[in-house]
Every structure is written in C-alpha cells, then in structure tokens.
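A.B. asks: Here it is: the structure, laid out below.
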Amino acid sequence: MRVARAVLLAVVMMLTLSLLAVAQPAVAAGAADADSKTVPGADASPEPPPGGVQRIVSLVPSVTETVFALDRGDRLVGISTFCDYPPDEVRGIPRAGSYLTPSVETIVALRPDVVIGVPTPGNQTAVEQLRSLGVPVVIVGELTLDDTWQAIRTIGRWVGNEEGANALVERIQAQIAEVRERASRVQPRKVLFVVGHDPLVVAGKGLFIDELIGIAGGINVGAQSPGTWPRISLETVVAAAPEVIIDGAMGSEAGASLEAYWRPYTSVPAVRDGRLRAQSSDALLRPGPRVGLGAQQLFDLIHADDAPSGARTPAAADATPGPAA
C-alpha cells in the first residue's frame, strides 16, 4: 500500500509540475494567464507527409494515449518516462527521457520520423537541438479543451488517421455533452480542486480542468486567483467557502491524512458537510482521449450525494473511447 501510494504521489506531482510548465513560468509564481490560443513552438512545427509517418517518439502521456486511441500504437518507437497508459501496451516501449527533460541522444538513436511534445520551458533546449539535427518536432497545446481537440487532430494527421481523429474528438465531445446534460439537473456547487499542499496549489482560470468543473456542475473558486495553477493561502480557502474540495495532493489512499489536513477548517462548507474528495485519476490531469471520462469523474466527485439515479461512480469504466480506425 505504501508503494502504491508513493507511485500515486509521484504521478500527481509530475503531472502538476508538467502542467505548471505548460503555462508560462510566471504563472506558477502568481502572474496573469498567458494566451492559451498561442502554443509556443507550434509555429515551427512541420507538416506531415501524405499518409503520415511510421516512427514516432512521444514526449508526453496525453500524446501517447492519443496515438493508441487512434490505433497506431505500433508506430511508437519511444515514449517519455511518465507515459503509463494504456499500461500493457506501453510497457515494452523504450523511454526517451522525462516529460520536461527529454534525452536528445536517446531520441536520435531511435531514428524517429517525428517527435511530438508540448511546450514547456524544460524541453525547449532539447527541442531546438533535435530540430538542428534535422529531427522533425511537432509541438501541440494541452492547456484548454480546444487545445485538446486540435492536438488530437494534429496527431491524427501525423499517424495517417485524420478521419479517426475527427471521430475520436466527436466521441469525447459527446461524452462531455452527456455530463453537461446531467449537470443541468443538479444544483451547482462551489469547488476547490487541489493538487498540492506545500505550497497549496489549486486549479485556476483558463485551464481545461477549470472548463471541466463548469461542465460538471461546479463553480471553480480557484479561478478567483490569478494564474492557471495559483498558489493560495488557507485563509483564501476559508473566504472562498468551497462546498466540495477535490484533493489529489495525497492520492486515493489519503484517508485519515486528508481529513486531518482539513479538519481545523470546519467553517469551510466542504469540511463541515463532509465533502472532501480524495482523487488520483490521471484522466483528470491529462487532456487527451480520456478527458470525457475525466468530466464524468468530476461530476461524480462534485455531486456524489445528490447525483440522479444511474450516475456513475468515480471508479467506473476507466476506459478510453474505442480505437478509431
């Protein structure tokens, strides 16, 4: 149990740092959000050849998941250290460094036709080195849901399955529309989505998680603070008075530790009314093929005690939409 909890903690921390890096570094320090419609490095991305490519290195979990969801996983010759889904399929694929610091030497040795990543300050030097060596590098966004749709379509062109990518986007959007409809039948609740305790880091404004909270019938109180991943004080939490706290800082095995962390703040409605929700689902932190599942899980976390009959539990059907041929 301790090992499993440590792994969950490591995954949550990695994803948090990665998403912090996708936004500008100043955002992590509390500055205003960058324009999510501009993907740094995307303007230098090449165009795919007709029919796509055969050898792909993915630098990010959401890209790896998308390639598999498009039924082209056999074309992945390298993935990042943190690519772990689908679990059986990724197990034997060579690792090409971490999300933030890919290994240029390893990637070159893998002889990829294309390397696909997302914009982070940590990988910028490696991206420039790869491009200088003649390795095509494609940068896709992952900050918002619109970024997700565009990323899936871009990956679809590179793997030669543009039709499947469009179908995949439509299926995910249908999942999200279903959640939006369910949310229309319940009372909205103020939500705080926590990813770290020291410092206290929450999901803020202009992020796909912020969008999903709204879709799932929540009001993201973290959006009141500047930045996509603002650091806030416990006094700010008390003043915001969230009705639900979704806390991924300790993983799904938080139990008594999570209760102990929040117990002193009984004036917070979420604490007073017993709506502290531990979560460790990476579907909520990866803007890829499972983002529709993430919306479903958020609905269940927010409305666990008042969901209509037939509502799914957060652990239900953790599956990517079927492969798009």
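A.B. asks: Quick one: which helices (runs of 4 or more DSSP H) sit completely within region 198-312 and have at least 2 residues that are modelled with pLDDT of 95 or more, open to solvent by 10 Å² or more (accessible area, probe 1.4 Å) and among the charged types (D, E, K, R)?
C.D. replies: 208-215
A.B. asks: In contact (Cβ under 8 Å) with a residue 12 or more places away in the chain, open to solvent by 20 Å² or more (accessible area, probe 1.4 Å) and under 17 Å from Pro287 (Cα atoms), is that true of Pro94?
C.D. replies: no
A.B. asks: Do the conditions hold for Gln173, that is, is it assigned to a loop (DSSP other than H, G, I, E, B) and open to solvent by 40 Å² or more (accessible area, probe 1.4 Å)?
C.D. replies: Against the criterion (assigned to a loop (DSSP other than H, G, I, E, B) and open to solvent by 40 Å² or more (accessible area, probe 1.4 Å)), Gln173 does not qualify.
A.B. asks: Which residue pairs have Cβ atoms under 9 Å apart, sit 6 or more places apart or on different chains, and have a first residue in region 181-194 that is hydroxyl-bearing (Ser, Thr, Tyr) and a second that is modelled with pLDDT of 95 or more?
C.D. replies: Note: pairs meeting the criteria are Ser184/Gly217.
A.B. asks: Quick check: anything in region 149-160 touching a strand residue (DSSP E or B) at 6+ places or on another chain (Cβ under 6 Å) and within 30 Å of Asp113 (Cα to Cα)?
C.D. replies: Within region 149-160 (the criterion being touching a strand residue (DSSP E or B) at 6+ places or on another chain (Cβ under 6 Å) and within 30 Å of Asp113 (Cα to Cα)), the answer is yes, since at least one residue qualifies.
A.B. asks: Given the criteria within 18 Å of the chain's Cα centre (by Cα), closer than 18 Å to Ile302 by Cα and touching a residue at least 40 places away in the same chain (Cβ under 8 Å), does Ala240 qualify?
C.D. replies: Criteria not met by Ala240.
A.B. asks: Take region 57-76 and flag every residue that is closer than 18 Å to Gly97 by Cβ, hydrophobic (A, V, I, L, M, F, W, C) and in contact with a Pro (Cβ under 6 Å, 6 or more places away or on another chain).
C.D. replies: Val57, Leu59
A.B. asks: Of everything in region 128-161 that's open to solvent by 10 Å² or more (accessible area, probe 1.4 Å) and more than 18 Å from Thr66 (Cβ to Cβ), which residue is nearest to the chain's Cα centre (by Cα)?
C.D. replies: Looking at the filtered set, the residue picked out is Glu128.
A.B. asks: Go through (1) among the aliphatic types (A, V, I, L, M); (2) open to solvent by 10 Å² or more (accessible area, probe 1.4 Å); (3) assigned to a helix (DSSP H, G or I) and name the single condition Val186 misses.
C.D. replies: (3)
The values are calculated or read from the model by the stated rules, or taken from the named source; none is laboratory data. None of the values given here were measured: they were computed from a predicted structure. Note that each Cβ is placed from the backbone with ideal geometry, even for glycine, and that neighbours are counted across all protein chains shown. With ligands, DNA and RNA removed, areas are computed over all heavy atoms of the protein, side chains included. Shrake-Rupley method; radii C 1.70, N 1.55, O 1.52, S 1.80 Å.
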